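Asker: Please read through the structure below; I'll follow up with questions.
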Amino acid sequence: MKIIELNNKEEIAKYVSKKVISKVKNNKKAVIGFATGTSPLLTYKEIIKDHQKNHTSWKDITTFNLDEYISLPKDHKQSYNYFMHHNLFDYLDLKQENINIPLGVNNYQEFANKYDQKIIDAGGIDLQILGLGINGHIGFNEPPCDFESKTRVVNLVKSTIKANSRFFKNINEVPKQAVSMGIKSIINAKKIILIAFGFNKAKAIKELVEGKISINWPCTVLRNHKDFTLVIDKEAKSLLDQKE
Ligand code: GLP
């Protein structure tokens, strides 16, 4: 595990976007795994800026997203489909057929069952971007999680529903279930970069870096990955014993 500490979320976005862009430039058919949430948002803005300024081509790139809420149609403002299109995909020259996001409505179960095979058929994920839940979840793999899990329907825990209610009118509107790539699906990525900033991520970061590898802190599984980089700020790092 490599830990990169930067001063703020802007620096984090610059650092992570450079990694993504260089992957896309060096492998025109790369497969990139994307996450939603506020953590990667500025990174996506940097990727868009690069595309507009330097014309980095995404035309043969394939993307896979981590998760989607069940019951929200694609055009719902809080769906992850909407999030990805409005914060990244619509600004790049990606082909629609190369964009993969778990389905949250209609035959989502069947779609979920085929998702991991689709990732394998695409050649596997070359670079996976991750955020981090305050309870240590990655994607929507809530604790206690199964380290062997594949893409499937998951139940959201109360703390996640509460944390994510900030994006909805009220807590009752937050879906109670989601489709999420499994821990195994995530860990199979060739390279993983996790973004975390702010004090509210400090406890999960402590568990991730110094805690015991445990299904009660899903993120700890990442310590076993051979190419895993944690990109964090001082606040997210603040509970670590080893500060330097
Ligand atoms: C959600 C998503 C995760 C995301 C996490 C953190 O629950 N399913 O993929 O990493 O929240 O979100 P944020 O980056 O907004 O803190």
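Throughout, read-outs are computed from the coordinates displayed, never taken from laboratory work. What you see is a predicted model; the values in this text were computed from it and never measured. Positions of Cβ are generated from backbone atoms using ideal geometry, with glycine treated the same way; all protein chains shown enter the neighbour counts.
Asker: Quick test of your reading of the structure: I119 fulfils all but one of (1) within 16 Å of the ligand (Cβ to nearest atom); (2) in contact (Cβ under 8 Å) with a residue 24 or more places away in the chain; (3) of a type in the set (A, V, I, L, M); (4) touching a helix residue (DSSP H, G or I) at 6+ places or on another chain (Cβ under 9 Å). Name the failing condition by number.
Answerer: Just one mismatch for I119, condition (1).
Asker: In region 59-82, is there at least one residue being touching a His at 6+ places or on another chain (Cβ under 7 Å), within 20 Å of N98 (Cα to Cα) and either in contact (Cβ under 8 Å) with a residue 60 or more places away in the chain or surrounded by fewer than 19 Cβ atoms within 10 Å (Cβ to Cβ) (or both)?
Answerer: yes
Asker: If you don't mind, another one. On the given criteria, is G133 of a type outside the set (S, T, Y), part of a loop (DSSP other than H, G, I, E, B) and surrounded by 17 or more Cβ atoms within 10 Å (Cβ to Cβ)?
Answerer: Yes, satisfied.
Let's see how each residue does on (1) of a type in the set (A, V, I, L, M, F, W, C); (2) under 14 Å from the mean Cα position of the chain (by Cα):
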residue: Y15; (1), (2): no, no
residue: T38; (1), (2): no, yes
residue: K45; (1), (2): no, no
residue: H51; (1), (2): no, no
residue: T56; (1), (2): no, no
residue: D60; (1), (2): no, no
residue: H76; (1), (2): no, no
residue: F83; (1), (2): yes, yes
residue: I101; (1), (2): yes, yes
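Asker: Would you be able to tell me the number of residues in region 226-240 that are assigned to a loop (DSSP other than H, G, I, E, B) and over 17 Å from E210 (Cβ atoms)?
Answerer: 2
Condition check ((1) in contact (Cβ under 8 Å) with a residue 24 or more places away in the chain; (2) surrounded by 16 or more Cβ atoms within 10 Å (Cβ to Cβ); (3) assigned to a loop (DSSP other than H, G, I, E, B); (4) within 15 Å of the chain's Cα centre (by Cα)) across all residues:
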{"position": "V154", "(1), (2), (3), (4)": "yes, yes, no, no"}
{"position": "K162", "(1), (2), (3), (4)": "no, no, no, no"}
{"position": "S165", "(1), (2), (3), (4)": "no, no, no, no"}
{"position": "A189", "(1), (2), (3), (4)": "yes, yes, yes, yes"}
{"position": "I193", "(1), (2), (3), (4)": "yes, yes, no, yes"}
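Asker: Only one of V221, V209 is surrounded by fewer than 22 Cβ atoms within 10 Å (Cβ to Cβ), in contact (Cβ under 8 Å) with a residue 24 or more places away in the chain, assigned to a helix (DSSP H, G or I) and in contact with a strand residue (DSSP E or B) (Cβ under 9 Å, 6 or more places away or on another chain). Can you tell me which?
Answerer: That would be V209, the only listed residue that is surrounded by fewer than 22 Cβ atoms within 10 Å (Cβ to Cβ), in contact (Cβ under 8 Å) with a residue 24 or more places away in the chain, assigned to a helix (DSSP H, G or I) and in contact with a strand residue (DSSP E or B) (Cβ under 9 Å, 6 or more places away or on another chain).
Asker: Are any of the residues in region 197-207 farther than 23 Å from Y80 by Cβ and away from the ligand (no atom under 16 Å from the Cβ)?
Answerer: Yes, region 197-207 has at least one match.
Asker: Please determine, by comparing only the residues of region 167-180 that are more than 9 Å from the ligand (Cβ to nearest atom) and in a strand (DSSP E or B), which one is surrounded by the fewest Cβ atoms within 10 Å (Cβ to Cβ).
Answerer: Top of the filtered list is Q177.
Asker: Just one of the numbered conditions (1) within 15 Å of the ligand (Cβ to nearest atom); (2) over 25 Å from A236 (Cα atoms) is not true of I129; which one?
Answerer: So the condition that I129 fails would be (2).
Asker: Of all residues in region 21-46 being within 16 Å of the ligand (Cβ to nearest atom) and among the β-branched types (V, I, T), which is surrounded by the fewest Cβ atoms within 10 Å (Cβ to Cβ)?
Answerer: Ranking the qualifying residues of region 21-46, first place goes to T38.
Asker: Taking only pairs six or more apart or across chains, which ones have beta-carbon atoms under 8 Å, a first residue in region 23-51 that is under 17 Å from L194 (Cα atoms), and a second residue that is in a helix (DSSP H, G or I) and among the acidic types (D, E)?
Answerer: L42/E10
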